[in-house]
Amino acid sequence: MSGFAGIIRIEPNADSLEKDRLAIELMARAIAFRGPDALQQTSTATASFAFSLLKTGPAPQEPSQPCTLHGETWFLGDVRCDGREELKQKLVQHGVELPASPSSEHLVLQYFARCGEAGLPDLNGDLSFILWNAGARNLSVTAT
């Protein structure tokens with residue numbers, strides 16, 4: 001399973017941004033063994049993330065994390081969606097245009113955009129992820 005870590009700041013300042021950048025570097029090194037396929041670090045004004053990718057299975061995976069649909073809600077984690085075809089059908093019925101081979105992360109983001117937190121229990125598979133919306137100051141955590 002891939003590794004991921006993050007720091008969320010509700011009230012960031014210049015001092016905390018530098019401290020978070022240094023801390024996320026240490027976290028990235030600590031989780032590097034979890035995923036030999038890629039190691040990424042991302043910092044925004046309110047959050048810093050580290051992601052260590054382990055490519056698994058035949059389903060497409062996002063090559064870079066955190067990922068987002070519209071720069072508002074950010075996804076960070078590891079997902080294996082069971083029932084991908086059913087989930088894709090639900091999204092298409094809601095008017096969502098999907099790429100030919102959407103990643104599981106993309107499907108989760110789209111489903112969350114349509115159904116919110118209330119829809120997360122409908123997802124099946126091995127799921128371990130966070131969804132961070134800085135504007136709403138909302139952090140959703142899911143692990144199954």
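The values are calculated or read from the model by the stated rules, or taken from the named source; none is laboratory data. Predicted model only: the values in this text are computed from it and were never measured. Using ideal geometry, Cβ is built from the backbone for each residue, glycine included, and neighbour counts are taken over all protein chains shown. Ligands, DNA and RNA are excluded from the accessible area calculation, which covers all protein heavy atoms including side chains. Shrake-Rupley method; radii C 1.70, N 1.55, O 1.52, S 1.80 Å.
Can you name the residue in segment 131-141 that is free of Cβ contacts under 8 Å to residues at least 40 places away in the same chain and among the polar types (S, T, N, Q) and, of all such residues, is least open to solvent (accessible area, probe 1.4 Å)?
The residue in question is S140.
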Within segment 106-130, the residues that are over 23 Å from P63 (Cα atoms) and open to solvent by 30 Å² or more (accessible area, probe 1.4 Å) are R114, C115, E117, A118, P121, D122
What are the residues in segment 74-96 that are in a strand (DSSP E or B) and crowded, with 20+ Cβ neighbours inside 10 Å, if any?
W74, F75, L76, G77, D78, V79, C81
Within segment 83-100, the residues that are in contact with a strand residue (DSSP E or B) (Cβ under 7 Å, 6 or more places away or on another chain) and at pLDDT 90 or above are L87
For G116, all conditions in the list (1) under 30 Å from N13 (Cα atoms); (2) within 16 Å of the chain's Cα centre (by Cα); (3) in contact (Cβ under 8 Å) with a residue 12 or more places away in the chain hold save one; what is the number of the exception?
(3)
Contact list please: Cβ distance under 9 Å, first residue in segment 8-19 and closer than 19 Å to W132 by Cβ, second residue outside any loop (DSSP other than H, G, I, E, B) and not hydrophobic (A, V, I, L, M, F, W, C), pairs at least six apart or on different chains.
I8/S48; R9/S16; R9/D20; R9/S48; P12/D20; L17/S43; L17/S48
Selection from segment 27-58 of residues small (G, A, S) and under 16 Å from the mean Cα position of the chain (by Cα) yields A28, G35, A38, S43, A47, S48, A50, S52
Scan segment 22-47 for residues that are within 28 Å of R114 (Cβ to Cβ) and either open to solvent by 70 Å² or more (accessible area, probe 1.4 Å) or not in a loop (DSSP other than H, G, I, E, B) (or both) and jot them down.
Q40, T42, A47
Sort out which residues of segment 80-113 are closer than 21 Å to K55 by Cα and without any contact (Cβ under 8 Å) to a residue 40 or more places away in the chain, and write them in order of number.
R84, E85, P99, A100, L107, V108
For segment 9-17, check the following and say yes or no: at least one residue is crowded, with 16+ Cβ neighbours inside 10 Å and within 25 Å of G119 (Cα to Cα).
no
